[in-house]
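Every read-out reported here was derived from the displayed coordinates using simple, explicitly stated rules and does not represent laboratory data. Since this is a predicted model, take the numbers as computed values, not measurements. Using ideal geometry, Cβ is built from the backbone for each residue, glycine included, and neighbour counts are taken over all protein chains shown.
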Amino acid sequence: MSIIYEAATVTAKGQITLPKSIRQVLRIDVGEQVAFELHENGQVVVSRAGAEDEDPAVGAFLDLLADDIRAGRSVQAIPADLAQDMLEHAERAAGPAGEIEGDVDL
């Protein structure tokens, strides 16, 4: 089931204009690239190029922040103890070379 259904007309040069609603949802701006993925069943998936490398949690947070700014709500400072905890965690090594603390269930 589709969330949004839009149609676009193909020009003689094989070009289409992405509908505004699709550009907004995918956060595609002028000059950015889109990716086309063709599935065996003939379905084509269009996405913003490079979107597979993005963290969805960060994207959701940025969307919430943008909504607050548009609504005129001020962004409040985070509590000092939370900020300190975040800074301590930011300095830890990440990735496969970093040490794992505690038990890990696989």
Points 7 angstrom from Cα along the Cβ direction at ILE78 and SER21: gap in nanometres?
-> 3.6 nm
Coarse-grained scattering of the range 1-91 at q = 0.14, 0.17, 0.18, 0.23 Å⁻¹, given as base-10 log I(q)/I(0) from a Debye sum over alpha-carbon atoms | -0.76, -0.96, -1.03, -1.38
Calculated from backbone phi, Karplus (6.51, -1.76, 1.60) coupling profile of the range 61-72 in Hz, x at Gly/Pro | 4, 5, 5, 4, 4, 4, 4, 4, 5, 4, 7, x
Pull up all non-local amide H partners of VAL34: gap of 5 or more, or a different chain, and H-to-H distance under 5 Å with H placed in the peptide plane.
-> ALA49
So for the pair ILE100, ALA57, with labels modelled 7 Å out along Cα→Cβ, what separation do we get in nm?
-> 1.7 nm
Mind listing the phi-derived Karplus ³J(HN,Hα) values for the range 15-26, rounded to whole Hz, using 6.51, -1.76 and 1.60 with θ = phi - 60°, and x for any glycine or proline?
-> 9, 10, 9, 5, x, 4, 4, 5, 4, 5, 5, 7
Using just the helices of the chain, give the 222 nm mean residue ellipticity in deg cm²/dmol: DSSP H runs with n ≥ 4 each add -39,500 (n - 2.57), and the total is spread over all residues, rounded to 500.
-> -9500 deg cm²/dmol
